[in-house]
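Q: Mind having a look at this structure? Questions to follow.
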Amino acid sequence: MVNDQKALLTLMFLTVITLGCLNGTTSQGPESVEVQELSVNPAQIYEDSSTTATLQATNVGSMPAQVTVEEEGENILVDYCRDDIFTIEDFSINAPPSTEQGDNEYNMEEGDTLRMNWDLDQTGSVPLYSLDCDLRFQIPFNYTVQAFSQIQIKEETGVEGAQNLETRSSSGPAYFNIETVPGVSGEQSTYITEEDNDISMTIGLQNQRTEDGYGLGIVNLEQEDIEIEIPDELRPEDLKGEENQEVQESMCEIPGSEISLNEGSSSDIRCSLEVPEEISEPASIYDITAEIDYRYVKEAGTRNVEVSPRG
């Protein structure tokens, strides 16, 4: 009997945040759920027979992954020549008891393994020649990543300010960071009242290309998945006290309502902040934070099944 599983596989990774310094942003390497086994057995069957497909994935990253699995796992086994050649007779999941968080929901700590099996029954007639079916598997992740940067405003160039401003980026398949164009002082992220008028800030998102990490995968997000927090002091007068969504729509250029990044490609959000005319201290520091929710879909691979007519 087919297990009653839910309609979404989501791997929600908590973001690894690492401290950087004034002249550079650092992050740890990608955190991942890695495919340990992808198989079909037997790979050659006769009509009216069955075969079993197996996918085993392990959390090899340092952060927990929350997993919810769709009914019959059809968001993982996304193509099985449905109805034309195969139907899913049974679907099962094996996971450590400690990972179960509720109906069809799992919380995978580092080293935890999730194993999924699909029993596929061959249906329909088979002609005199054999039929082939490429079973295709993919793993969709839902990620939340954050970036942080400090901006320093000085009354004048000779004022002694902070030597080390904090900047943080996040790990995962998409690298996420904040950068600013230096002002008249030439110091990174430092600006002078009455000399600098605005601050050019870029929030970069890159689908990282790695040799042995994620393999082929696409990053997808929508404009409403982006949240940028800009302090009132760096906003124009008419936007002080307004909601973040209205502020970022007015002060930032987001490249389209939907963003899709293939492996190795990137996209930039560009914002223009205002340098305040007056500050309460000779040098003041303001925090900029940005958060993006995105979906990463990794192609896990294909396995072929050959169906032959009975002699």
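Q: Does region 160-184 hold any residues that are at pLDDT 90 or above and either loosely packed, with under 14 Cβ neighbours inside 10 Å or in a loop (DSSP other than H, G, I, E, B) (or both), and which are they?
A: If the condition is that a residue be at pLDDT 90 or above and either loosely packed, with under 14 Cβ neighbours inside 10 Å or in a loop (DSSP other than H, G, I, E, B) (or both), then 165, 166, 181, 182, 183, 184 are the ones that fit.
Q: Select from region 96-143 the residues that are surrounded by fewer than 17 Cβ atoms within 10 Å (Cβ to Cβ), closer than 23 Å to residue 295 by Cα and out of contact with any Ser or Thr (no Cβ under 6 Å at 6 or more places or on another chain) and list them in ascending order.
A: Of everything in region 96-143, those that are surrounded by fewer than 17 Cβ atoms within 10 Å (Cβ to Cβ), closer than 23 Å to residue 295 by Cα and out of contact with any Ser or Thr (no Cβ under 6 Å at 6 or more places or on another chain) turn out to be 100, 101, 102, 103, 109, 111, 115.
Q: Moving to a separate point now. Yes or no: region 125-136 includes at least one residue that is at pLDDT 95 or above, in the same structural domain as residue 35 (by TED's automatic domain parsing) and of a type in the set (A, V, I, L, M).
A: Yes, that holds for at least one residue.
Q: Give region 292-307 a look and list any residue that's modelled with pLDDT of 95 or more, crowded, with 20+ Cβ neighbours inside 10 Å and either within 30 Å of residue 232 (Cβ to Cβ) or of a type in the set (S, T, N, Q) (or both), or say none.
A: Selection gives nothing.
Q: Under 21 Å from the mean Cα position of the chain (by Cα), surrounded by fewer than 19 Cβ atoms within 10 Å (Cβ to Cβ) and without any contact (Cβ under 8 Å) to a residue 60 or more places away in the chain: is that true of residue 56 in this structure?
A: Values: under 21 Å from the mean Cα position of the chain (by Cα): yes; surrounded by fewer than 19 Cβ atoms within 10 Å (Cβ to Cβ): yes; without any contact (Cβ under 8 Å) to a residue 60 or more places away in the chain: no.
In short, no.
Q: How many of the residues making up region 253-293 are closer than 30 Å to residue 220 by Cβ and in contact (Cβ under 8 Å) with a residue 40 or more places away in the chain? Steps first, answer last, please.
A: Going residue by residue through region 253-293, those that are closer than 30 Å to residue 220 by Cβ are 253-273, 287-293.
So of that shortlist, the ones also in contact (Cβ under 8 Å) with a residue 40 or more places away in the chain come out as 259-273, 287-293.
Final tally of qualifying residues: 22.
Q: May I ask you to list pairs of residues, at least six apart or on different chains, whose Cβ atoms are under 8 Å apart, with the first in region 112-130 being farther than 18 Å from residue 43 by Cβ and the second being of a type in the set (S, T, N, Q) and not in a strand (DSSP E or B)?
A: 112/98; 112/99; 114/99
Q: Can you tell me which condition residue 85 does not meet? The list is (1) assigned by TED's automatic domain parsing to the domain that holds residue 277; (2) among the β-branched types (Val, Ile, Thr); (3) crowded, with 16+ Cβ neighbours inside 10 Å, and all the others hold.
A: Evaluating residue 85 over (1) assigned by TED's automatic domain parsing to the domain that holds residue 277; (2) among the β-branched types (Val, Ile, Thr); (3) crowded, with 16+ Cβ neighbours inside 10 Å leaves (1) as the failure.
Q: Anything in region 103-135 that is assigned to a strand (DSSP E or B) and among the aromatic types (Phe, Trp, Tyr)? List them, or say none.
A: Filtering region 103-135 for residues assigned to a strand (DSSP E or B) gives 105-108, 113-122, 131-135.
Matches in region 103-135: 106, 118.
Q: In addition: Could you tell me how many of the residues in region 267-283 are within 13 Å of residue 204 (Cα to Cα) and assigned to a loop (DSSP other than H, G, I, E, B)?
A: Residues of region 267-283 that are within 13 Å of residue 204 (Cα to Cα), as a first pass: 267-271.
From what is left, the residues that are assigned to a loop (DSSP other than H, G, I, E, B) are none.
Looking only at that region, the number is 0.
Q: Moving on to the next point. Going through region 232-252 one residue at a time, which ones are in contact with a Leu (Cβ under 9 Å, 6 or more places away or on another chain) and either of a type in the set (A, V, I, L, M) or in contact (Cβ under 8 Å) with a residue 24 or more places away in the chain (or both)?
A: 234, 235, 247, 251
Q: Would a scan of region 245-266 turn up a residue that is of a type in the set (Ser, Thr, Tyr), assigned to a loop (DSSP other than H, G, I, E, B) and surrounded by fewer than 15 Cβ atoms within 10 Å (Cβ to Cβ)?
A: Initial filter on region 245-266 (of a type in the set (Ser, Thr, Tyr)): 250, 257, 260, 265-266.
Imposing the further condition that a residue be assigned to a loop (DSSP other than H, G, I, E, B) reduces the set to 257, 265.
Applying the additional criterion that residues be surrounded by fewer than 15 Cβ atoms within 10 Å (Cβ to Cβ) yields 257, 265.
Yes, there is a match, as at least one residue in region 245-266 is of a type in the set (Ser, Thr, Tyr), assigned to a loop (DSSP other than H, G, I, E, B) and surrounded by fewer than 15 Cβ atoms within 10 Å (Cβ to Cβ).
Q: Tell me yes or no: at least one residue of region 65-73 is among the β-branched types (Val, Ile, Thr) and either surrounded by fewer than 18 Cβ atoms within 10 Å (Cβ to Cβ) or farther than 26 Å from residue 225 by Cα (or both). Lay out the reasoning, then the answer.
A: So in region 65-73, the residues among the β-branched types (Val, Ile, Thr) come out as 67-69.
So of that shortlist, the ones also either surrounded by fewer than 18 Cβ atoms within 10 Å (Cβ to Cβ) or farther than 26 Å from residue 225 by Cα (or both) come out as none.
No.
Q: Residue 289 fails exactly one of the following numbered conditions: (1) part of a strand (DSSP E or B); (2) touching a Leu at 6+ places or on another chain (Cβ under 7 Å); (3) crowded, with 16+ Cβ neighbours inside 10 Å. What is the number of that condition?
A: (2)
Q: Any residue in region 44-59 that is of a type in the set (A, V, I, L, M) and either in a loop (DSSP other than H, G, I, E, B) or on the phi > 0 side of the Ramachandran plot (or both)? Explain how you work it out, then say what you get.
A: In the first step, residues of region 44-59 are kept if they are of a type in the set (A, V, I, L, M); the result is 45, 53, 55, 57.
Then keep just the ones that are either in a loop (DSSP other than H, G, I, E, B) or on the phi > 0 side of the Ramachandran plot (or both); that gives none.
Taking every residue of region 44-59 in turn, none turns out to be of a type in the set (A, V, I, L, M) and either in a loop (DSSP other than H, G, I, E, B) or on the phi > 0 side of the Ramachandran plot (or both).
Q: Let me ask another. Please verify whether region 214-228 includes one or more residues that are more than 19 Å from residue 170 (Cα to Cα), of a type in the set (Val, Ile, Thr), touching a Ser or Thr at 6+ places or on another chain (Cβ under 8 Å) and modelled with pLDDT of 95 or more.
A: Looking for residues that are more than 19 Å from residue 170 (Cα to Cα), of a type in the set (Val, Ile, Thr), touching a Ser or Thr at 6+ places or on another chain (Cβ under 8 Å) and modelled with pLDDT of 95 or more, one finds none in region 214-228, hence no.
The values are calculated or read from the model by the stated rules, or taken from the named source; none is laboratory data. Bear in mind that the values here come from a model prediction, so they are computed numbers and not experimental data. All Cβ positions, even for glycine, are placed from backbone atoms using ideal geometry, and neighbour counts span all protein chains on display.
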